[in-house]
Amino acid sequence: FVYRFMSSKRAHQEGTAGGSKRKKKYYAKKAPVDDTKDAVRLKPYQDLSGVLVSCEKGREGRCVNEMYNILRDYIKPPSTSSGSSSSSSSSSSSSSTSSESKPTSTSIADQLASEIEELRQPKEYALQSVDTKCTGLVFICFNDRNVDPVAIVRRIMTTIESTQHLPGKWASKVVPIQRTCRAEIDDITKMAKQIIDVHMPADESRTYGVVHGSRNNSNLERMQVIDALAAVVPPSYKVNLSEPDLVLLIEIASKAACMSIVPGSEYRKYRKFNMRLVAGIVEQPKKAAQPQPQPSKEEQAPATQ
């Protein structure tokens, strides 16, 4: 046994010393997660606004790229027209004056220097993906705080309802998010008060309901979060769980808490912001495999002549 082991080891060493190469291993490339390579990696528990998108497990990267294409049709990039116009006017005026006083080579050098300086400036992106630490859940951040996530989702759902056509393949549910914070009761209470003061004035009397969702978090209980939200709601608002005028959406994703206030009529009309249901696509449940009938003993027995 020892002789066979040593001979096989020696043969392996001789084979590797002779220049034989190992077989290469090929792996499938992972789907790209973010097409903005220069984007800063944000954390979901920062004060962000955007949309929370659910998709199939393992399709998060494709869902991010798909949502970029969808949202770009509704969100314009950061406006730099004023700065560019002023810079262009200044550059044109400087170039005109320099062309009169100096030779053309100097103006070309100035233009190249200004273009290099513009390329060195950090790029601004309208959208950025944020890792939620949850499978099947993607957060797309809006860098412009003037963009209203509720209005953007409303326009998307209105288009899907009128055309009865899905804009993508991987994303299924798109929930607007107005603010985010850490998944702690004190931070959630502070965030909820800021949103409620804007969207639920104390001089109005309407009904509301709380919709709670949680993923990858076992520290916060459902009723603990709901009671914290109800404590900061003005007393003139009454609870109505069947058909509320306003819906307080609170989503707990790992260490982050995401919240928004949406009209109850839109929440019911757009089927909890599910694009597939709005488009009329109903996913039928998979049928369980039915056991095939076993043949009887008489059928199994070979026929005798």
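For Leu241, work out the one condition from (1) surrounded by fewer than 14 Cβ atoms within 10 Å (Cβ to Cβ); (2) closer than 23 Å to Pro149 by Cα it doesn't fulfil.
That leaves (2) as the condition not met.
Just to check your reading of the model, which residue among Leu229, Leu241 is closer than 17 Å to Val262 by Cβ and modelled with pLDDT of 95 or more?
Residue meeting the stated conditions: Leu229.
Of (1) free of Cβ contacts under 8 Å to residues at least 40 places away in the same chain; (2) more than 22 Å from Met67 (Cβ to Cβ), Met191 satisfies all except one. Which?
Every listed condition holds for Met191 apart from (1).
Do you know which residues across segment 262-277 are closer than 13 Å to Tyr208 by Cα and buried (at least 18 other Cβ atoms within 10 Å of the Cβ)?
Val262, Gly264, Tyr267
Listed here are the residues, each with its yes/no results for (1) under 16 Å from Arg72 (Cβ atoms); (2) open to solvent by less than 30 Å² (accessible area, probe 1.4 Å).
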position	(1), (2)
Asn146	no, no
Pro149	yes, yes
Ile156	yes, yes
Gln164	no, no
Lys169	no, no
Ser172	no, yes
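If the requirement is being under 25 Å from Lys169 (Cα atoms), in contact (Cβ under 8 Å) with a residue 40 or more places away in the chain and of a type outside the set (S, T, N, Q), which of these qualifies: Ile250, Ile281?
So the residue among Ile250, Ile281 that is under 25 Å from Lys169 (Cα atoms), in contact (Cβ under 8 Å) with a residue 40 or more places away in the chain and of a type outside the set (S, T, N, Q) is Ile281.
Among the residues of segment 180-220, write down those that are under 23 Å from Val51 (Cβ atoms), open to solvent by less than 70 Å² (accessible area, probe 1.4 Å) and assigned to a strand (DSSP E or B).
Residues satisfying the conditions are Thr180, Cys181, Tyr208, Gly209, Val210, Val211, His212, Gly213, Ser214.
Check segment 125-141 and report whether any residue there is within 19 Å of the chain's Cα centre (by Cα), at pLDDT below 85 and surrounded by fewer than 19 Cβ atoms within 10 Å (Cβ to Cβ).
Among the residues of segment 125-141, at least one is within 19 Å of the chain's Cα centre (by Cα), at pLDDT below 85 and surrounded by fewer than 19 Cβ atoms within 10 Å (Cβ to Cβ), which makes the answer yes.
The values are calculated or read from the model by the stated rules, or taken from the named source; none is laboratory data. From a predicted model like this one, the values you see are computed outputs, not experimental measurements. Here the Cβ is made from the backbone with ideal geometry for all residues, glycine too, and neighbour counts use every protein chain on show. Heads up: the accessible areas ignore ligands, DNA and RNA and are worked out on the full protein's heavy atoms, side chains in. Shrake-Rupley method; radii C 1.70, N 1.55, O 1.52, S 1.80 Å.
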